[in-house]
Amino acid sequence: MNKFNIENLNLYYNDGDTHALKNINLPIPHKKVTALIGPSGCGKSTLLRCLNRMNDLIAGVKIDGLVEMDAEDVYGNIDVANLRIKVGMVFQKANPFPMSIYENVAYGLRAQGISDKKHLDEVVEKSLRSAALWDEVKDRLKSNAFGLSGGQQQRLCIARTIAMEPDVILMDEPTSALDPIATKKIEDLMETLKKDFTIVIVTHSMQQARRISDRTAFFLMGELVEHNDTEHIFMNPTDHRTLGYVNGDFG
């Protein structure tokens, strides 16, 4: 069962001068981790931003082709704000808000007009538990989020995303700024989260893709070279370019 279906997707920057994604065809399965790998500038993050229409915010972008989520056209007549709630995003650099740990997680709910303290308390605790952070911060929920370590801040951002009850979590190199211990916590967390969410991760680390993903898609110069079960991509890729990349010959 697929959460997303991408067909013949093309994306251009600079009013058509730069062809950044070239005829992409990619299914993204439901409640699995899909890793997007490839060298810098190959289109991984651009594709990720297509899934919640973040590219809409960039001037001069043109898109054609089909992106469906649950058989609904993402680029059709839909509520984009609602799409971005359903398809939450965690960025490369942790970006907590300048407020307390509690208020970071509650922020989206408050923005929707939810003010019932009991409900907010429940969602904050549940989200922090889901992000494997509750036990570390439960005694300092009123403390400023900037007092957390980098890895804790990233898990707080994941909790903030979970609080909105998305279907999908997009992660754009979520561990690139973290040390190995914090990285492992995020990777362990992804393994748990995929029971409830579809996860799509952009990563430069082939080791990470191999450890945490069920499916892997390899991109090169805006093209999707191949996609398959992760073990197949790393052990028996179809395309010689994939073999060269996973073997570290370039990238």
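Of a type in the set (A, V, I, L, M, F, W, C), in a loop (DSSP other than H, G, I, E, B) and under 22 Å from Asp70 (Cβ atoms): does that describe Met190? For Met190, the condition - of a type in the set (A, V, I, L, M, F, W, C), in a loop (DSSP other than H, G, I, E, B) and under 22 Å from Asp70 (Cβ atoms) - is not met.
Yes or no, residue by residue, for (1) more than 17 Å from the chain's Cα centre (by Cα); (2) modelled with pLDDT of 95 or more:
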| residue | (1), (2) |
| --- | --- |
| Asp214 | no, yes |
| Met221 | yes, yes |
| Leu224 | yes, yes |
| His232 | yes, yes |
| Thr238 | yes, yes |
| Asn247 | yes, no |
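Only a single item in (1) closer than 21 Å to Lys3 by Cβ; (2) out of contact with any Lys or Arg (no Cβ under 8 Å at 6 or more places or on another chain) is not met by Val202, and it is number (2). Take the conditions (1) crowded, with 18+ Cβ neighbours inside 10 Å; (2) touching a residue at least 24 places away in the same chain (Cβ under 8 Å); (3) in a helix (DSSP H, G or I); Leu120 misses just one of them, which is (2). If only residues of the range 108-117 that are exposed (fewer than 15 other Cβ atoms within 10 Å of the Cβ) and within 22 Å of Gln153 (Cβ to Cβ) are counted, the one that is modelled with the lowest pLDDT is Ala111. Suppose the filter is part of a helix (DSSP H, G or I), more than 22 Å from Leu128 (Cβ to Cβ) and of a type in the set (Gly, Ala, Ser); does Ala209 pass it? When the stated conditions are applied, Ala209 passes them. Within the range 1-20, the only residue that satisfies the criterion of being without any contact (Cβ under 8 Å) to a residue 40 or more places away in the chain, in a strand (DSSP E or B) and surrounded by fewer than 16 Cβ atoms within 10 Å (Cβ to Cβ) is Thr18. On the basis of being without any contact (Cβ under 8 Å) to a residue 24 or more places away in the chain and in contact with a strand residue (DSSP E or B) (Cβ under 9 Å, 6 or more places away or on another chain), does Ile58 make the cut? No; evaluated as a whole, the condition is false for this residue.
Scanning the range 213-251 for residues that are outside any helix (DSSP H, G or I), in contact with a strand residue (DSSP E or B) (Cβ under 6 Å, 6 or more places away or on another chain) and either over 15 Å from Ile28 (Cα atoms) or without any contact (Cβ under 8 Å) to a residue 12 or more places away in the chain (or both) yields Gly222, Glu223, Val225, Thr238, Asp239. If the condition is being basic (Lys, Arg) and buried (at least 24 other Cβ atoms within 10 Å of the Cβ), then the range 123-179 contributes Arg155, Arg160. Just checking, does the range 235-250 include any residue being of a type in the set (Phe, Trp, Tyr) and either surrounded by fewer than 20 Cβ atoms within 10 Å (Cβ to Cβ) or more than 21 Å from Ile199 (Cα to Cα) (or both)? Yes, the range 235-250 contains a residue that is of a type in the set (Phe, Trp, Tyr) and either surrounded by fewer than 20 Cβ atoms within 10 Å (Cβ to Cβ) or more than 21 Å from Ile199 (Cα to Cα) (or both).
Might you let me know whether the range 139-151 holds any residue that is without any contact (Cβ under 8 Å) to a residue 24 or more places away in the chain, within 16 Å of Ala163 (Cα to Cα) and either touching a helix residue (DSSP H, G or I) at 6+ places or on another chain (Cβ under 8 Å) or not in a loop (DSSP other than H, G, I, E, B) (or both)? Checking the range 139-151: not a single residue is without any contact (Cβ under 8 Å) to a residue 24 or more places away in the chain, within 16 Å of Ala163 (Cα to Cα) and either touching a helix residue (DSSP H, G or I) at 6+ places or on another chain (Cβ under 8 Å) or not in a loop (DSSP other than H, G, I, E, B) (or both).
Checking the structure you have, find out if any residue of the range 185-206 is basic (Lys, Arg), out of contact with any helix residue (DSSP H, G or I) (no Cβ under 8 Å at 6 or more places or on another chain) and without any contact (Cβ under 8 Å) to a residue 40 or more places away in the chain. So far as the range 185-206 goes, no, none of its residues is basic (Lys, Arg), out of contact with any helix residue (DSSP H, G or I) (no Cβ under 8 Å at 6 or more places or on another chain) and without any contact (Cβ under 8 Å) to a residue 40 or more places away in the chain.
Scanning the range 21-31 for residues that are more than 15 Å from Asn228 (Cα to Cα) and in a loop (DSSP other than H, G, I, E, B) turns up just one, Lys31.
The values are calculated or read from the model by the stated rules, or taken from the named source; none is laboratory data. Nothing here was measured: the structure is a model prediction, and the numbers come from that model. Note that we place each Cβ from the backbone using ideal geometry, even for glycine, and neighbour counts take in every protein chain shown.
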